[in-house]
1. State whether the residues of region 159-171 include one that is in a helix (DSSP H, G or I), more than 21 Å from SER69 (Cα to Cα) and modelled with pLDDT under 90.
2. Does at least one position in region 6-21 carry a residue that is surrounded by fewer than 20 Cβ atoms within 10 Å (Cβ to Cβ), within 16 Å of the ligand (Cβ to nearest atom), modelled with pLDDT under 90 and not in a helix (DSSP H, G or I)?
3. Under 7 Å between Cβ atoms, which residue pairs at least 6 apart in sequence (or on different chains) link something in region 85-102 that is closer than 18 Å to VAL197 by Cα with a partner that is of a type in the set (Phe, Trp, Tyr) and buried (at least 17 other Cβ atoms within 10 Å of the Cβ)?
4. Taking region 124-148 only, how many residues are in contact with a helix residue (DSSP H, G or I) (Cβ under 7 Å, 6 or more places away or on another chain) and not polar (S, T, N, Q)?
5. Would you mind finding the one in GLY211, GLY228, GLY204 that is touching a Leu at 6+ places or on another chain (Cβ under 9 Å), at pLDDT below 95, crowded, with 21+ Cβ neighbours inside 10 Å and within 20 Å of PRO50 (Cα to Cα)?
6. If we scan region 87-110, do we find a residue that is among the hydroxyl-bearing types (Ser, Thr, Tyr) and modelled with pLDDT of 95 or more?
Amino acid sequence: MKRNRLWGELIHLFYPNVCVVCGNELLPGEEGVCLQCLYKLPKTHNFNEPDNDLEKLMAGRIPFERIASYAVYAKGGTLPPLIHHLKYRHKQAIGLLLGRMFGKDLMESEFLDSIDLIVPVPLHPKREKFRGYNQAEIIAKGLSDITSLPLSTNNLVRIIYNPTQTKRTKTERWENVKDIFKVTDPLLFQQKHLLLVDDVITTGSTLEACGIALQACKGVKISIATLGEVF
Ligand SMILES: [Zn+2]
């Protein structure tokens, strides 16, 4: 016992429990990010705004009902370090927390009213195994926790592993993603209104590719929610 406590103190000395955005020490109850940084998130509130920028971005590419993002993903802003730690530093608690906060806001609008199922954008199994989890699924779990909407994580699947897209052009990204998703059992999503969930929307080509794969399900409706939007 004594040795464990000493070890804990040593670990804390070298790796203090600090906010991933501002570096200040976290208070009891705070996980990964401090409350002050959470308050500073540049929330979009675009779920209250039909025909918002994201809906304009995706218009004519896939049929959809509504699209919303939680906050603006701006360089040097509050959201990028949160997403970075969620994706690459195993801070799943951050994704869960932001998913719950987003869900709480969405519940105060009509955005979720006809949603049947929450569907996170899947990673290829190889990438998920490497990372240990799917960040979109963690966010979706937070949304599901707070809204009590069921989660579907194994019917929309990624069948082609593709390398990181960071440095590709818009056309190259599209070529890269257009046939990489598949619905395992289209009957499960038939006549359902799905909420597709991802971490950040940039060009929208990944979500477009999911939307195309989902057209295999008769009568399916699609809405989209992402934590961040890049413009
Ligand atoms: Zn902070």
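The values are calculated or read from the model by the stated rules, or taken from the named source; none is laboratory data. These figures come from a predicted structure and were not determined experimentally. With ideal geometry, Cβ positions are generated from the backbone for all residues, glycine too; neighbour counts draw on all protein chains shown.
1. Within region 159-171 (the criterion being in a helix (DSSP H, G or I), more than 21 Å from SER69 (Cα to Cα) and modelled with pLDDT under 90), the answer is yes, since at least one residue qualifies.
2. yes
3. Partner pairs satisfying both residue conditions: LEU98/TYR70; PHE102/TYR70.
4. Residues that pass the stated criteria total 9.
5. Every option except GLY204 fails the conditions.
6. Yes, that holds for at least one residue.
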